[in-house]
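Colleague: Have a look at the structure that comes next, please.
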Amino acid sequence: TDAYETILVERKGRTALLTLNRPKALNALNLQLMNEVVAAAEALDRDPEVGCVVITGSAKAFAAGADIKEMRPRSYMDMYLEDWFAAWDRLGRVRTPTVAAVAGYALGGGCELAMLCDILIAADTAVFGQPEIKLGVIPGIGGSQRLTRAVGKAKAMELCLTGRTMDAAEAERAGLVSRIVPADDLLAEALAVADTVAGMSAPVAMMAKEAVNRSFETTLAEGVHFERRLFHAVFATADQKEGMSAFVDKRPPEFTHR
Ligand code: CO8
């Protein structure tokens, strides 16, 4: 993990903390940072000792977008042949639950990175937006799709067409974030949520994540069918026996994460 230059990765029990660390550029997402975040998240995903990953930035910026200076000179052929930013899709395919802890600017690619995470917790200082249009471009890491699914067409369309930002309160009202906490408490709250998730059965948490995410890809009937098959499958885990036995015995469960 010390091979990374643009991120910091720490382990706190079964929770891993991934901190974006390009402070001079407000954590702008250049290719190096993208490759490091994706590589780190995939390595943590393969580690059975990790049950949840928190992604955070600084007090001023979660991330102020894709790196404009890096993109500016690129041609269409560069972008197409290098399939610019396609690697971010791999973060969405990580099976371990992820929590975005957002303070300050989450703009453009920063907002898109936060939306790639499973749980989004905002500090009261958070600012969300897709201001790409002000640069003569459009969102490119899923913003037009995930923002629309999160907050609906009305707000997504206004944000993408005008580039205006939303503060934390508006983002919470719109359903983009699960809750708002005071900025000073952001990391502690996000780590507490992550510890709770990491304490659950790891395969069952993965299945819960998979089931929720399936709702974005399929019809209701197919989604309910998929959920029921996973529900049946959890009865093959030791953790189902432990969880239900602990309830009946009136004691806390001790999941083996299997
Ligand atoms: N890229 C590169 N550098 C950046 C970025 C960025 N997105 N954002 C900030 N920086 C740099 C600034 O250039 C500045 O560097 P320097 O000191 O060398 O001039 C440093 O960070 C500090 O920034 P500011 O001085 O601007 O700080 P302020 O507090 O005055 O303003 C803002 C903060 C409002 C966040 C401002 O920096 C800003 O508007 N940033 C750009 C926000 C933006 O437009 N984001 C969208 C980027 S485009 C995008 O994300 C598209 C993603 C999809 C691409 C699709 C490809 C397929």
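The values are calculated or read from the model by the stated rules, or taken from the named source; none is laboratory data. Small disclaimer: the values here were computed from a predicted structure and weren't measured. Glycine gets a Cβ as well: all are built from the backbone with ideal geometry, and neighbour counts include every protein chain shown. These area figures cover heavy atoms from the full protein model, side chains too; ligands, DNA and RNA do not enter into them. Shrake-Rupley method; radii C 1.70, N 1.55, O 1.52, S 1.80 Å.
Colleague: Please pick out the residue among Val177, Val151, Val137 that is within 30 Å of Pro253 (Cβ to Cβ) and of a type outside the set (Phe, Trp, Tyr). Don't jump to the end; show me each part of the working.
Modeller: Working: Val151 fails: within 30 Å of Pro253 (Cβ to Cβ); Val137 fails: within 30 Å of Pro253 (Cβ to Cβ).
Testing whether each residue is within 30 Å of Pro253 (Cβ to Cβ) and of a type outside the set (Phe, Trp, Tyr) leaves just Val177.
Colleague: Please determine whether any residue of the stretch 71-81 is surrounded by 14 or more Cβ atoms within 10 Å (Cβ to Cβ) and near the ligand (Cβ under 8 Å from one of its atoms).
Modeller: yes
Matching residues to (1) among the small types (Gly, Ala, Ser); (2) closer than 23 Å to Ala156 by Cβ:
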site	(1), (2)
Ala66	yes, yes
Lys69	no, no
Gly92	yes, yes
Ala103	yes, yes
Leu113	no, yes
Ala122	yes, yes
Gly136	yes, yes
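Colleague: Restricting attention to helices (runs of 4 or more DSSP H) lying wholly within the stretch 142-250, give those where 2 or more residues are open to solvent by 50 Å² or more (accessible area, probe 1.4 Å) and within 30 Å of Glu10 (Cβ to Cβ).
Modeller: Fully inside the stretch 142-250 and qualifying: 186-198, 202-214.
Colleague: For the structure I just gave you, tell me whether Leu91 is of a type in the set (A, V, I, L, M, F, W, C) and free of Cβ contacts under 8 Å to residues at least 40 places away in the same chain.
Modeller: When the stated conditions are applied, Leu91 does not pass them.
Colleague: Tell me the residue from Ala61, Ala40, Ala25 that is within 16 Å of the ligand (Cβ to nearest atom) and in contact with a strand residue (DSSP E or B) (Cβ under 6 Å, 6 or more places away or on another chain), please.
Modeller: Answer to the selection: Ala61.
Colleague: Which residue pairs have Cβ atoms under 6 Å apart, sit 6 or more places apart or on different chains, and have a first residue in the stretch 131-159 that is touching a residue at least 12 places away in the same chain (Cβ under 8 Å) and a second that is among the aliphatic types (A, V, I, L, M) and open to solvent by 80 Å² or more (accessible area, probe 1.4 Å)?
Modeller: Glu132/Ile138
Colleague: Quick one: Gly65 ticks every box in (1) within 17 Å of Ala16 (Cα to Cα); (2) touching a residue at least 40 places away in the same chain (Cβ under 8 Å); (3) open to solvent by less than 50 Å² (accessible area, probe 1.4 Å) except a single one, so which number is it?
Modeller: Result: Gly65 fails condition (1) only.
Colleague: Within the stretch 19-28, track down each residue that is in contact (Cβ under 8 Å) with a residue 12 or more places away in the chain and either basic (Lys, Arg) or out of contact with any Asp or Glu (no Cβ under 6 Å at 6 or more places or on another chain) (or both).
Modeller: Once the filter is applied, which keeps residues that are in contact (Cβ under 8 Å) with a residue 12 or more places away in the chain and either basic (Lys, Arg) or out of contact with any Asp or Glu (no Cβ under 6 Å at 6 or more places or on another chain) (or both), the stretch 19-28 yields Thr19, Leu20, Asn21, Arg22, Pro23, Ala25, Leu26, Asn27.
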